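Down below is the structure, laid out as structure tokens.
The values are calculated or read from the model by the stated rules, or taken from the named source; none is laboratory data. As the structure is a prediction and not an experimental result, all values here were calculated from the model. Heads up, the Cβs are rebuilt from the backbone with ideal geometry, glycines too, and the neighbour counts pull from every protein chain shown.
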Amino acid sequence: MRPDLTLLRELIEASPGFGRGRAGAVPEPLIRGAEARVGPLPPSYRWWLAEYGHGRAGDADIATVGPAGSADDMYEAVTAGWRLDGDRLCFAVEPDCGDSYHFVLGRAGEAGTGGGAEAGAGEYPVVCRDGTDGCEYPVAESFAGFLAVRAARSRGLRDGPNPAVARLWRSTPGVLLDNGVHIYGPHLIQERNETFEVSRYAPGWVLVGDDSGGDGFLMRHHGRDRASVHRLGLGALREDVATEGERVTDDLLGWLRAGGFPGPVRL
């Protein structure tokens, strides 16, 4: 799913341990110059460079683009020769021989929820390379998803409240559609659940979003069915959400890709 850059900014500004480094925003000509050396950079990473230039996500230092006239092998630069290893481009490194994070080049357009250029929008999947044994494992479907995953884990949310939301966060830190449907990112979900006392009134459920009109979208936190989404008034939360509410979809990501229909989807 295409990363929501407005929500990405909110996540960055609201996340402890995320910060801007010494360098400022990178001008577009310098970003294009870097791309001439390492190839096209994913849109959400380009956005980060243009907005923040250099910074950290937790304890991982994110590569920048060096100023005009700087050496290509400047350690912090994404163009440093050691960062490109076959079809892997290292964009973030933890200190003291820690883990490193890499774009999987050549797979632009596969990121997101369903594959294809529209879903991925030019983003590259992200893998982590273990700093001890060099083994790789998948982390996210985009740079924005990488930031969302790190923000979630820094808040003790692990991968997310259920597999569907975790999958969404690996692409984007939430979704806000034109019709008001808002699915929360890791920077909002705890506060919204605490505000509406979901654990008290609807134990076993988690509020994953709202329709901007007084209704919430809830999913089960545990149990066999953690895929269905139900709509219920935020002022009328109760334990039996499945009976009292309205089932919206069994495919959260597919429903969002389709624009979040205002009524229930008959599956």
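Structure data summary
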| read-out | value |
| --- | --- |
| The listed residue being hydrophobic (A, V, I, L, M, F, W, C) and in contact (Cβ under 8 Å) with a residue 40 or more places away in the chain, out of L30, L5 | L5 |
| Residue match in region 193-203 (condition: outside the structural domain of V126 (by TED's automatic domain parsing) and basic (K, R)) | yes |
| Near pairs, Cβ below 7 angstrom, 6+ apart or cross-chain, from region 130-159 (surrounded by fewer than 16 Cβ atoms within 10 Å (Cβ to Cβ)) to any residue that is of a type in the set (D, E, K, R) | D130/D99; G131/E94; G131/D99; E136/R129 |
| Region 147-184, subset among the basic types (K, R) and part of a loop (DSSP other than H, G, I, E, B), residue modelled with the highest pLDDT | R170 |
| Selection within region 34-65 - within 16 Å of L84 (Cα to Cα) and among the small types (G, A, S) | A34, A36, G39, A63 |
| Lone qualifier among V198, V127 - being more than 20 Å from the chain's Cα centre (by Cα) and of a type in the set (A, V, I, L, M) | V198 |
| Candidate set: region 242-260, residues that are of a type in the set (A, V, I, L, M) and farther than 13 Å from L232 by Cα; chosen: the one surrounded by the fewest Cβ atoms within 10 Å (Cβ to Cβ) | A258 |
